[in-house]
Amino acid sequence: MSTTADAPARAGAPAASGLVRAFQVFAALSVVNVLVQFISAGQLFPNGGPEEVHAAGAIVLHVLSGLAAIAAVLLWRQGRVSIATAALAAIVFAYTFLQAYWGGYSSLWIHVPGAMLLTVGVVWVLFASLRRAAPRA
């Protein structure tokens, strides 16, 4: 038999699971976006390729990593992920802006290694979203 005290906990469970799934999806899309960024960056060098595509991809990465960070912070507040996971997602989001700032031809000496660091960050956030935010039975 169900009591009214049990109702709010059950009512919140689907939303929490949806938030976990959102965190995982935004983290995975961030990884895919970074892969697309590598492809578009590779096109810039041989022929001076699609700089607009690379710039637009950076904006998309800001949005995706920002949404992942928001989801991670909300999950941390619910006790579903550690503060380290939420902090990592927030740092990766902030770093996307620094990486975009370094995006000119004159600063490729820092932009390229920065892309490697950002790649590690987005992959780490993805693994954290899959491991630590898994819905508890």
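Values quoted throughout were computed directly from the atomic coordinates according to the rules given, and no laboratory measurement underlies them. Please read all numbers here as calculations on a predicted model, not as lab measurements. With ideal geometry, Cβ positions are generated from the backbone for all residues, glycine too; neighbour counts draw on all protein chains shown.
Please give the contour-minus-distance gain from Ala56 to Ala94: 0.36 nm per residue of separation, less the Cα-Cα distance, rounded to one decimal in nm. Could the numbers behind the result be given before it?
Values: separation 38, 0.36 × 38 = 13.68 nm, distance 1.71 nm.
Stretched out fully, the Ala56 to Ala94 stretch lengthens by 12.0 nm.
Quick one: length gained pulling Leu130 to Val112 fully straight, 0.36 nm per residue minus the C-alpha distance?
Fully extending the segment from Leu130 to Val112 adds 3.7 nm.
Enumerate the amide H contacts of Val81 below 5 Å, restricted to partners 5 or more residues apart or on another chain; note that Pro and chain-start residues carry no placed amide H.
When sequence neighbours closer than 5 places are left aside, the close amide H contacts are Trp76.
Taking the C-alpha atoms of the stretch 34-137, how large are the radius of gyration and the largest Cα-Cα span, Dmax, in Å?
15.3, 53
For Arg131, Arg80, Arg21, what ranking results if the residue with the fewest other Cβ atoms within 10 Å of its Cβ goes first?
On the way: Arg131 10, Arg80 22, Arg21 14.
Exposure proxy ranking, most exposed first: Arg131, Arg21, Arg80.
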